[in-house]
Each structure stands twice: as structure tokens, then as C-alpha cells.
1. Among (1) within 23 Å of residue 188 (Cβ to Cβ); (2) exposed (fewer than 15 other Cβ atoms within 10 Å of the Cβ), where does residue 147 come up short?
2. With the requirement that a residue be over 29 Å from residue 155 (Cβ atoms) and either touching a strand residue (DSSP E or B) at 6+ places or on another chain (Cβ under 6 Å) or not in a loop (DSSP other than H, G, I, E, B) (or both), what does segment 66-99 give you?
3. So how many residues does segment 285-295 have that are closer than 30 Å to residue 320 by Cα, touching a strand residue (DSSP E or B) at 6+ places or on another chain (Cβ under 9 Å) and not in a loop (DSSP other than H, G, I, E, B)?
4. Restricted to segment 125-144, and to residues that are under 24 Å from residue 202 (Cα atoms) and out of contact with any helix residue (DSSP H, G or I) (no Cβ under 7 Å at 6 or more places or on another chain), which residue is surrounded by the fewest Cβ atoms within 10 Å (Cβ to Cβ)?
5. For segment 331-355, name all the residues that are within 18 Å of residue 302 (Cα to Cα), without any contact (Cβ under 8 Å) to a residue 24 or more places away in the chain and part of a helix (DSSP H, G or I).
6. Keeping to segment 297-329, report how many residues are assigned to a helix (DSSP H, G or I) and more than 25 Å from residue 242 (Cβ to Cβ).
7. Inside segment 165-284, counting only strands (runs of 3 or more DSSP E) that do not spill past its ends, which hold 3 or more residues that are outside the structural domain of residue 110 (by TED's automatic domain parsing)?
8. What residue, of 120, 58, is crowded, with 17+ Cβ neighbours inside 10 Å and at positive phi?
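The values are calculated or read from the model by the stated rules, or taken from the named source; none is laboratory data. Source: prediction; values computed, not measured. Here the Cβ positions follow ideal geometry from the backbone for every residue, glycine too, while neighbour counts run over all protein chains shown.
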């Protein structure tokens with residue numbers, strides 16, 4: 001299996017109304033010491049080979065050009081990447097300019113995930129986004145002009161009051177731009193988000209399901225491969241970093257709240273960036289919690305995560321990796337889902353059907 005590297009940059013210009021991730025606004029004074037702490041944490045893994053790098057947040061491109069250069073120095077001097085390594089950075093349209101884009105490409109970035117979310121002005125304002133549709137389109141074209149040939153666009157659907165006509169318009173704009181990849185998310189009202197504080201109600205499950213099936217069909221017709229519950233790609237442009245995670249591969253996580261999973265040892269860092277920074281002044285890690293996973297738990301987690309992929313899971317291959325198998329009880333549950341038309345089983349491979357994709361979280365919660 002491959003090994004991936006995730007780096008968390010928790011800083012933003014402001015927090016979007018739907019966001020419940022570990023991210024912080026008005027904390028720019030912490031960026032320089034945060035990068036120093038990251039450098040110390042990266043040194044713990046110096047010389048390790050990684051097949052993919054994913055820089056997430058927060059908004060990584062909120063960093064200024066000099067800080068981005070420092071970040072790429074940490075990556076390129078600390079880890080071994082080959083010429084085919086996928087290096088992704090998350091970006092917001094308002095956090096990018098031509099100078100920063102050059103820093104990204106010079107630093108080795110070959111994939112950008114752009115947080116467009118919608119092509120409707122009204123929806124963008126309701127979500128707490130700072131860019132306009134025109135800004136998103138302009139930055140997309142600037143990334144293209146800089147030679148980036150692997151671009152993802154994030155899209156949020158099932159907003160209150162959003163009609164199917166509105167959704168079709170968003171997808172039409174997205175398809176017209178010509179990205180290689182699309183990540184699709186139903187609006188979730190998560191605890192801790194500004195929408196939750198406002199007591200906004202999420203869409204009813206039936207409405208979300210209709211919208212999900214609509215967008216899925218539109219993207220398939222536009223030539224996208226539906227390879228994971230929420231992800232679509234042109235042939236050969238699947239996100240290697242996330243596929244490694246969904247297939248149960250190892251990953252190193254650097255930064256506040258970052259998770260790592262290495263050979264069954266799972267651990268995660270302190271979430272608060274100030275405490276994360278302080279930790280590296282007195283010791284060599286910022287680990288908040290850790291656990292050692294047994295083979296049975298690793299097998300079951302890999303099985304459940306693998307069901308997110310439309311290819312499903314080869315249950316025999318998984319059993320060989322972890323020297324275990326589904327218990328008779330779990331076999332019975334899986335067979336029950338097969339009878340309901342939510343899972344499909346062909347020889348050793350188990351996968352979710354389209355109906356199963358719609359309710360996959362419920363399926364997995366019942367299989368835990």
C-alpha cells in the first residue's frame with residue numbers, strides 16, 4: 001500500500017457559515033510560529049517516501065506567498081516525492097492571485113481543489129462565501145493558464161430554497177469550465193457552524209436524495225466517472241490521496257487536529273493551533289490521543305470505508321491483509337442489505353448500489 005501525507009493549515013480570512021472544520025479566523029499572528037512547529041513535526045518523518053500530498057484547511061492559500069514558500073520547503077526538504085507524486089492544495093478563489101499561483105507550481109503543486117461551492121451569487125452569500133461566480137471563473141482560468149491540468153471543483157447542493165433548476169444551472173456552469181474532478185456535498189448543518197447557531201434546518205432526506213441522484217446523473221452524462229459516493233472524475237483523474245485513504249492505506253498527518261494512521265497505530269494532534277505550537281517548544285510531538293488497532297478493527301474499518309468507493313471492496317483481499325474475515329453476524333447483515341438492493345455481491349467483491357449510496361451512512365452505522 002502507498003503512504004500519503006496530509007498537512008492541515010487551519011487559518012482562514014473568515015469562517016464560512018456551514019463550516020465546522022478545525023479552522024480559525026483572525027489568527028494570522030500564529031502563522032509564522034505554526035510553520036515552525038510544522039517544520040519540527042515534519043522532521044520526525046524526514047526522508048520518508050510519500051505517494052501523495054494533500055494540503056487542507058482552513059484555507060491553505062490564505063498564507064501569503066512567503067509563507068507558502070516556507071511550507072513547500074518543509075515538504076520538499078523533509079519527504080521523498082517522485083515525479084508522479086500527486087500534490088494537492090485546497091484553495092478559495094479570493095485567496096489566490098498570480099503571484100501565489102506561481103509559488104504553488106514552483107513548489108510542486110500539480111492539483112488544486114477550488115472551493116467554488118455554487119455559481120449563484122445569492123447562494124454564495126447565504127453560505128458566507130466571499131467570492132463571486134465571476135471571481136471563481138477567473139481564478140479557474142488563471143490556474144489553467146499556469147499549466148495546472150488537474151483541477152477539482154467543490155459543489156454544495158440541497159440548500160434551502162434551491163430548486164432543481166438552480167442545481168442544473170450550477171452543474172452546467174461547472175461542466176462548461178471543464179474541471180477534471182468534482183467533489184459533491186449535500187449541505188450539512190453541523191454542530192458548531194454558524195448555520196447551526198442560526199437554527200437552520202437541513203433538507204429532508206428525500207429531498208437530498210433526489211438532488212443527489214439528479215447531480216450524479218448530470219455529471220455522468222457529462223463524462224465524469226462516479227468513483228466514490230461524493231466524488232467524480234474524468235478518466236485517470238481520481239484523487240489518489242483520497243483513494244489511498246478509502247482503500248485503507250497509511251497516512252501521516254501534520255498540523256493541528258491532523259490524524260495519522262501508520263500500521264494500525266492511529267493518533268491525532270491537539271486541535272488548538274496555539275497549544276499545538278506550544279507543544280513543540282517543550283517536546284517532540286503534539287499528540288492528543290492515540291490507539292493501537294487490532295486486526296479485526298482494522299479489517300472492519302477498511303471494509304466500511306471501502307464501501308464508499310463504487311468499485312467496492314474485495315473481501316478476500318482484505319481478509320488476507322488483516323488475517324481475519326467478516327463474522328457470521330456481519331455476513332448476515334451484509335446479505336440482508338444485498339436482499340434489500342442496497343449492497344451488491346459478486347464473488348469476493350461487495351459494493352454499494354446506487355440506492356445504497358444514498359443511505360450509505362446508515363448502512364455503515366448498522367454494520368459497526
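1. Unmet condition: (1).
2. 66, 69, 70, 73, 74, 76, 77, 78, 79, 80
3. Kept after step one, since they are closer than 30 Å to residue 320 by Cα, are these residues of segment 285-295: 289-295.
After this cut, where a residue has to be touching a strand residue (DSSP E or B) at 6+ places or on another chain (Cβ under 9 Å) as well, the list is 289-293.
Going one step further and asking which of them are not in a loop (DSSP other than H, G, I, E, B), we end up with 289-292.
Of the residues in that region, 4 qualify.
4. 125
5. Matches in segment 331-355: 331 only.
6. If we filter segment 297-329 for residues that are assigned to a helix (DSSP H, G or I), which is where we start, we get 297-306, 315-322, 328-329.
Those left that are additionally more than 25 Å from residue 242 (Cβ to Cβ): 328-329.
Number of matching residues: 2.
7. Numbers: elements: 181-186, 225-228, 231-233, 250-254, 259-262, 265-269.
By residue number, 250-254, 259-262, 265-269.
8. Numbers: 120 fails: at positive phi.
None of the others qualify; the one that does is 58.
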